[in-house]
1. Under 15 Å from the Cβ of VAL50, count the other residues' Cβ atoms, weight Lys and Arg +1, Asp and Glu -1, and hand me the total.
2. Ranked by Cβ crowding within 10 angstrom, fewest neighbours first, how are SER107, SER68 ordered?
3. Which of the residue pairs LYS59/LYS89; LYS12/LYS47; LYS12/LYS70; LYS35/LYS59; LYS23/LYS89 have a Cα-Cα distance greater than 18 Å in the structure shown?
4. Can you give the calculated 222 nm mean residue ellipticity of the chain, where each DSSP H run of n ≥ 4 adds -39,500 (n - 2.57) and the sum is split over every residue, rounded to the nearest 500 deg cm²/dmol?
5. So which trypsin sites (Lys or Arg not before Pro) in the range 1-85 end up in coil per DSSP with only 15 or fewer other C-beta atoms within 10 Å?
Amino acid sequence: MARILAIDYGGKRCGIAVTDESKIIASGLTTVDTKELLNWLKEYVSKEEVELFVVGEPKRLHGEASESEKLIQPFLEKLAKLLPDIPVKRMDERFTSKMAFDTMIASGISKKKRRDKALVDQISATIILQDYLYNL
């Protein structure tokens, strides 16, 4: 069975989350340098069956696209050319970084680990994927 993979796209690094094969549970997988993301995705889908990519859609408070969207659009175009058989859905990612930080506090993660931006990105990707699964 295929998985769903979520990406919290960033200028420096991208958080990655994935579902189990039954598409019930979203789990943080890793964080990848943005420069390496397309190669990483190509390698991942050669080993694991992925039926869908869910990419965070950064919006401002009132719903308009944020500046980050300018970085994401070229990535989406390259992704569509590299892996044309895997569709992409977008998911509103407003407040996911704040929710990730709050989740880290609630789960007792140390202050030192909460400063780890890569971990925040990975948890943000997990929240994006959980939101997608919830809204199916």
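1. On the way: positive: ARG3, LYS23, LYS42, LYS47, LYS89; negative: ASP20, GLU21, GLU43, GLU48, GLU49, GLU51, ASP85.
So the surrounding residues net to -2.
2. Numbers: SER107 8, SER68 15.
Ordered from fewest to most neighbouring Cβ atoms within 10 Å, SER107, SER68 come out as SER107, SER68.
3. On the way: LYS59/LYS89 15 Å; LYS12/LYS47 25 Å; LYS12/LYS70 14 Å; LYS35/LYS59 23 Å; LYS23/LYS89 15 Å.
Beyond 18 Å between Cα atoms: LYS12/LYS47; LYS35/LYS59.
4. On the way: 5 runs with 58 residues, N = 136.
Roughly -13000 deg cm²/dmol at 222 nm, from the helical runs in the chain.
5. Numbers: sites: ARG3, LYS12, ARG13, LYS23, LYS35, LYS42, LYS47, LYS59, ARG60, LYS70, LYS78, LYS81; in loops: LYS12, LYS23, ARG60.
Sites meeting the loop and neighbour criteria: LYS12, ARG60.
Since every read-out is calculated from the coordinates, none of them should be taken as a lab result. For clarity, every value in this text was computed on a predicted model and none was experimentally measured. Using ideal geometry, Cβ is built from the backbone for each residue, glycine included, and neighbour counts are taken over all protein chains shown.
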